[in-house]
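What follows is a set of notes on a single structure, which appears directly below.
The values are calculated or read from the model by the stated rules, or taken from the named source; none is laboratory data. The shown structure was predicted, so the numbers you read here are calculated from the model rather than taken from an experiment. A quick note on method: Cβ atoms are made from the backbone with ideal geometry, for glycine too, and the neighbour counts reach across all protein chains shown. Side chains included, ligands, DNA and RNA excluded: accessible areas come from the protein's heavy atoms. Shrake-Rupley method; radii C 1.70, N 1.55, O 1.52, S 1.80 Å.
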4 protein chains.
Amino acid sequence: MKYKLLIEANDRKGLVYKISKILYEYGLNIEQNTEFVDACSNKFFMRTEFSGDIIKQKLIDDIKAILPTNHMISLKNDDKKNIVLLVSKESHVLGDLLIRYESGELQANIKAVISNHDNTKKLTEKFGIPFFHIPTNSLSREQHEALVKKTINRFDPNIIVLAKYMRILTPDFVKNYQHKLLNIHHSFLPAFVGANPYDMAYERGVKIVGATAHYVTDELDEGPIICQDVVHIDHTYNSDDMCKAGKNVEKIVLSDALNLLLEDKVLTFNNKTVIL
Amino acid sequence: MKYKLLIEANDRKGLVYKISKILYEYGLNIEQNTEFVDACSNKFFMRTEFSGDIIKQKLIDDIKAILPTNHMISLKNDDKKNIVLLVSKESHVLGDLLIRYESGELQANIKAVISNHDNTKKLTEKFGIPFFHIPTNSLSREQHEALVKKTINRFDPNIIVLAKYMRILTPDFVKNYQHKLLNIHHSFLPAFVGANPYDMAYERGVKIVGATAHYVTDELDEGPIICQDVVHIDHTYNSDDMCKAGKNVEKIVLSDALNLLLEDKVLTFNNKTVIL
Amino acid sequence: MKYKLLIEANDRKGLVYKISKILYEYGLNIEQNTEFVDACSNKFFMRTEFSGDIIKQKLIDDIKAILPTNHMISLKNDDKKNIVLLVSKESHVLGDLLIRYESGELQANIKAVISNHDNTKKLTEKFGIPFFHIPTNSLSREQHEALVKKTINRFDPNIIVLAKYMRILTPDFVKNYQHKLLNIHHSFLPAFVGANPYDMAYERGVKIVGATAHYVTDELDEGPIICQDVVHIDHTYNSDDMCKAGKNVEKIVLSDALNLLLEDKVLTFNNKTVIL
Amino acid sequence: MKYKLLIEANDRKGLVYKISKILYEYGLNIEQNTEFVDACSNKFFMRTEFSGDIIKQKLIDDIKAILPTNHMISLKNDDKKNIVLLVSKESHVLGDLLIRYESGELQANIKAVISNHDNTKKLTEKFGIPFFHIPTNSLSREQHEALVKKTINRFDPNIIVLAKYMRILTPDFVKNYQHKLLNIHHSFLPAFVGANPYDMAYERGVKIVGATAHYVTDELDEGPIICQDVVHIDHTYNSDDMCKAGKNVEKIVLSDALNLLLEDKVLTFNNKTVIL
């Protein structure tokens, strides 16, 4: 059986030694091991992939015993994660994920697609995935979210991907799914926060457009950034052309970030990500 | 003799025909020709490189006669442009320009380097270029700028390059050198306007840092953007590492933008650049 | 009605004037116009987008009359082009094109998918596109190609996209579809010609992998290059990881090249492309 | 005192534990630690930065005792390395290194510049660095190399940078400086091996040009690759334009590779590099 061990703790002399000693004494086979110490905060981060037979809680307890008091430890097995996608009208990111899913490139179970529109229903169902249309009409934001939440919770997903979901989320909703909400924003944040980044980019006359995949927090477009990239444009691009040019970046940046989450490679600290 | 003709006008049917007719009747040899019509504003932009013998003003008058009333026309010969560099303490952009100058790669005459510090004096003078140290101590912003202006004006430069000049300029100074001030900002604008972009980038936890070369206008870091690029970073970069990583981008983005200006390829319109 | 005019000719003084004069006299509205002169060969290339009412052959004849004897002229209307896709086992490029087709991003009619395998049949038919399985078993290369040709010809396509079609084509086949065969090769050509570029890339220890979209000619992987791009990799990538990393580049490079063909922006000359 | 420990060995269970145990028992402070296991060859690679007081040979012996028999171990202190630059006519890479040296960005001592031409003498000496002109005229390759070797050896350099040195080296010369010769080749190897890559790139009509920094081995342009990058070009670039466009990439790729060597981050294995 394969496992991934994630640790965050205040740095101390001998942490690598003490942790690797335990893993060695369990007879485990380390396949990948990465450490990082943030010099600023004196925080130690570690990710280890190993294979072997263990009693999960016992291993965790043994490692906890040698860690400084304030720490985070997490031990994940290699089961495929369940994900739920939230989308609005645009289909390019959804379509890209579906194709990666179909070909086996996306190592996850897409359990459901939820949308406030119904135009992507046909596309989703082509791939045998349940589609839930939850229109917003005449509902308050809270009422609508309650319905979305209910549908999400039926599938108990490990990750909820906002694949161009154009609704602002309430703090309550965000809190409810902490460290589970992955969003793709269509600009190189922190530039062009909010709606219509391509219109703003056109207005400002930038020579690059981009995309940012990030965890969602209470503050709009302010969560920990996981992946970013840009593409070059020029004066011949109007707002629509920028939008088209940005689609490829949006797809790839989100897909890369999602893969990092699926492989349990992302730790967060101080509204930033540490990717091991 | 080689010339570069730049035209901006409201778009009309037949502009290309009418302009190329005049050039043809003068017996000129067109070597490069680019047009662009901004569909939004219905503006026509054109840049033509040609060779031949002309009386400049006569050709301009002939073309003006067939252009719509509100237009810009500019006819440049192929003489090397004169430039003056303004710098502060950091030397990497200055050094890069000096090396490109020395090797003949930078097709311009660097007439002078002006700085509010004196640490780059030795470096500058190695290359036989006059260095002017104008310290700011006990001078008001206006007094200091008056001295800088006086020194600049001795060389009547076509372009003034702010090669990491860390002083905020007064509207008066900017107005005085309109369309002549080229600045390099060490972020992918509009992200991280103002001082210390790398500190802000570190704080925000971005996965890219970049640089922006732009014309200077009254509004800080708000002028028309000419070139931008970014470089990927990760969680192991602190603010200093980002600064180091950004240096290569700063150098190249500024050098690319400067070359575009030297080749008369940059038109501006609505706080944007059209690069032909 | 919209048209795209493509011209290639030996360069002469006054070509732009003479051509734009004819377009002006026809009362046509030029929306985009690009020229390029290859100084080496003294060849003139031009692409003009215009709208208006014309008798196609008459306009062509009028322009031919003022062009030097050896020229190429082509006038395309704005109809959606028909394309046929040839694929083998890998589905990522096919899937990407299908999704772009479904969303309307790909401005073409996918008339058919032909494969020497049948694993992508289900995927293709989800999108309502006819799938033709033409297995190679016990057929000679010529016999197999004859069947493929017959199927292709039923749809009279403007472009045949080799979307990871892993069969080597005979000179006869290539000749039959000159300037119509677009291939994606999974390396930054001319590096790693032939089969298994990722294995070769792994063996060589390169730090980038890439993809090349090109027209197909008789010589394997030697046709005119349209688009290329690369992605950075490191020592942790084995051949399979490189393959995964390359998939995004393959998809985007092919899609970009296909769009250029669909917009009639690609001219060829001396085994190179001129993209206007 | 700061140290960098580099280890390569056949992988065994417990290596990380056993090595970190020794470092812990010495009371050393690990500041960075990276491991990599090449699954294909079952090779273990490790790089550790630590600070503390040690007797070098004793620590090495203790670690050797727990490593499998066939291993490489190397313990470097933090002293600035000495480098010697070999150049021919082109000055852009040399100039770039000199500027980085002058500003303190290049953490090394440039002890000498050796050239078969004398055109960069003035530039080199501006920076107070000894310049040795060793012309090739009427000398055999071996005679010329003997003189170059003699001059190099006066400075006992850790790294010899071929900063656009356009002479082919004899196997003897290469052998003499194994793992010390860093070359910059002006193409994305393995494309365009040998002289005049930009001419070959023009001929082939590629849409990218690039540069490769690599260790030098007997086979021309076949040594382990350390860094590579490319820049996009189009049909308007002739061979000279490609050369200009490539200069920035050459400078940065070489500078990046040199920094990796200076920080002892490069291990080699099977004609490939592992960069930790």
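A few remarks follow.
- Listing of the stretch B:228-248 residues, each with accessible area lower by at least 10 Å² in the full protein assembly than in the chain alone (probe 1.4 Å): B:Q228, B:D229, B:V230, B:H232, B:H235, B:T236, B:K244, B:K247, B:N248
- Solvent-accessible area, 1.4 Å probe, carbon plus sulfur percent, for chain D: 46
- Anisotropy class assigned to the stretch D:2-77 is prolate, per the alpha carbon gyration tensor with a/c at or over the 1.5 cut-off and a/b larger than b/c.
- Bridge type composition, chain A - antiparallel percent by DSSP, nearest 5: 70
- Cα→Cβ-extended label distance, 7 Å offset, between D:Q143 and D:R167, nm: 1.2
- Spin-label model, B:N109/D:K89: points 7 Å from Cα along the beta carbon direction are separated by 2.8 nm.
- Within the stretch C:28-64, backbone nitrogen closer than 19 Å to the virtual label 7 Å beyond the Cα of D:T236 toward Cβ: C:31-49
- Using a 1.4 Å probe over protein heavy atoms, the accessible area lost on pairing D with C, summed over both chains, comes to approximately 2700 Å².
- Cross-link table B:K251/D:K81; B:K122/D:K251; B:K244/D:K13; A:K80/A:K251; B:K126/B:K164, entries beyond 31 Å C-alpha to C-alpha: B:K244/D:K13
- Spatial separation of Cα centroids for the stretch B:77-128 and the stretch C:72-128, in angstrom: 54
- Positions from the stretch B:75-120 whose accessible area shrinks by 40 Å² or more when the full protein complex is built, not the chain alone, probe 1.4 Å: B:I99, B:E102, B:E105
- With DNA, RNA and ligands ignored, accessible area of D:C243 (1.4 Å probe; Å², nearest 10): 40
- Using a Förster distance of 22 Å, the FRET efficiency for C:T69-C:D218 (Cβ separation, nearest 0.05): 0.20
- Cβ neighbours within 10 Å from other chains - mean over D:154-161: 0
- At an R0 of 41 angstrom, the distance between the Cβ atoms of B:D118 and D:N271 translates into a FRET efficiency of 0.25.
- Residue-normalised accessible area of the stretch A:137-267, given per residue in Å² at a 1.4 Å probe: 40
- Too-long pairs where the Cα-Cα distance tops 31 Å, listed order kept, from A:K207/C:K207; A:K272/B:K180; D:K149/D:K265: A:K272/B:K180
- Rounded if a/c under 1.5, otherwise prolate or oblate - the protein assembly as shown, Cα gyration tensor axes: rounded
- Taking the C-alpha atoms only, the angle from helix B:15-25 to the longest principal axis of chain B is near 70 degrees.
- Cα gyration tensor shape of the stretch C:81-275, rounded if a/c is under 1.5, else prolate or oblate by comparing a/b with b/c: rounded
- Helix D:56-66 axis, angle to chain D major axis (alpha carbon atoms, nearest 10°): 70
- For the stretch C:182-233, applying the loop criterion from DSSP together with a ceiling of 16 other beta carbons within 10 Å to the GluC sites (Glu not before Pro) yields C:E219, C:E222.
- Look at the stretch C:53-61: the mean tally of other chain Cβ atoms within 10 Å of its residues' Cβ atoms is 0.
- The stretch A:29-53 versus the stretch C:161-233: alpha-carbon centroid distance in Å: 40
- For C:D234, inter-copy label distances in nm, listed shortest first [label point 7 Å out on the Cα-Cβ vector]: 0.4, 3.4, 3.4
- For the stretch A:1-45, accessible area per residue (1.4 Å probe, heavy atoms of protein chains only), Å²: 43
- Projected label distance in nm at A:N82 and B:A39, using a 7 Å step from Cα toward the beta-carbon: 4.6
- Panel note: contact residues of the stretch C:1-49 (accessible area lowered by at least 50 Å² against the chain on its own; 1.4 Å probe) correspond to C:K13, C:Y17, C:Y24, C:N33, C:E35, C:F36.
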